[in-house]
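The values are calculated or read from the model by the stated rules, or taken from the named source; none is laboratory data. This is a predicted model, so every value here is computed, not measured. FYI the Cβ positions are ideal-geometry reconstructions off the backbone, even for glycines, and counts take in every protein chain you see.
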Amino acid sequence: MLVELDHRTNTDDDQWVIPEIMHMDMYHVKDQLAALEPDTASYVIDCGAHIGAFSAMCAMYLKNAEIISFEPNPDSFKYLDANAAKFKNIQAYNKAVGVTSGQMEIYAPDQSEWSGRWTSLPNANTSITVDVVGLFDFIHALNKPVFVLKMDIEGYEELIFNDAEQHDFKNIQVIIVETHTPAFDHQKLLDYGYQLLFNPEISSARQFVYSKPRIPLIA
């Protein structure tokens, strides 16, 4: 049974995010990801966690995963933090992810109903300064492998992946990415040993789920 999440009404929270990610299980957490989950402990890293719908699905249906959720928008983070508290295996951080640690500006969306869709791509709207965690430095410091790295960070995923090298992916089994520009280098993931597992039936032109045949061991 799904846990009811705290959320904003009449926004993308209840119009799109919860119905698609939780009710429709667009990322197939209950069947495909649960079937791929390793028997040993691992992490799920949810970048651009929004209010925590994907994190909640992983917390409910994955047996051995510890979920780490990053959300830079303070308003979305209020809901993420409240929803993370409903589970024992979600850690929520009010931070963005990037190539290196530091700070960045994020910009408000054009329409108020897209309340969670703040972006690092400059526009004419209000901006705020947020803290940034260097993603792959963070992953390298973990004491367990990463089962799933999910990225929906409104255009910044291209920059992070384009800067990464093969060793950055050695302990990551599944990558879920929502792309926002044509610049995302899919061939790079194929060259690094990933295969396209599936495109979600919803907005499949922008969302991709890649997987390695098995999770590698930390050297």
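Mind checking which residues of segment 34-52 are more than 17 Å from VAL209 (Cα to Cα), among the small types (Gly, Ala, Ser) and either surrounded by 24 or more Cβ atoms within 10 Å (Cβ to Cβ) or modelled with pLDDT under 95 (or both)? Passing the criteria: only GLY52. The residue that is modelled with the lowest pLDDT, among those in segment 2-19 that are in a helix (DSSP H, G or I) and either over 18 Å from the mean Cα position of the chain (by Cα) or surrounded by 19 or more Cβ atoms within 10 Å (Cβ to Cβ) (or both), is ASP12. When the test is whether a residue is more than 18 Å from PHE198 (Cα to Cα), acidic (Asp, Glu) and not in a loop (DSSP other than H, G, I, E, B), ASP39 does not pass it. Once segment 169-219 is narrowed to residues that are over 19 Å from TYR43 (Cβ atoms) and basic (Lys, Arg), the residue that is modelled with the highest pLDDT is LYS188. Look at segment 183-208 and say how many of its residues are surrounded by fewer than 14 Cβ atoms within 10 Å (Cβ to Cβ) and either in contact with a helix residue (DSSP H, G or I) (Cβ under 6 Å, 6 or more places away or on another chain) or more than 23 Å from HIS23 (Cα to Cα) (or both). Qualifying residue count for the region: 7. The residues of segment 160-197 that are closer than 19 Å to LEU142 by Cβ and in a loop (DSSP other than H, G, I, E, B), listed by number, are ALA164, GLU165, LYS170, ASN171, TYR192.
Regarding ASP31, is this residue acidic (Asp, Glu), modelled with pLDDT under 95 and crowded, with 20+ Cβ neighbours inside 10 Å? Give the derivation first.
Numbers: acidic (Asp, Glu): yes; modelled with pLDDT under 95: yes; crowded, with 20+ Cβ neighbours inside 10 Å: no.
No, not satisfied.
Among the residues of segment 20-36, which ones are outside any helix (DSSP H, G or I), on the phi < 0 side of the Ramachandran plot and out of contact with any strand residue (DSSP E or B) (no Cβ under 9 Å at 6 or more places or on another chain)? The answer is MET24, and nothing else. Any residue in segment 81-96 that is β-branched (Val, Ile, Thr) and either part of a loop (DSSP other than H, G, I, E, B) or modelled with pLDDT of 95 or more (or both)? Scanning segment 81-96 turns up at least one residue that is β-branched (Val, Ile, Thr) and either part of a loop (DSSP other than H, G, I, E, B) or modelled with pLDDT of 95 or more (or both).
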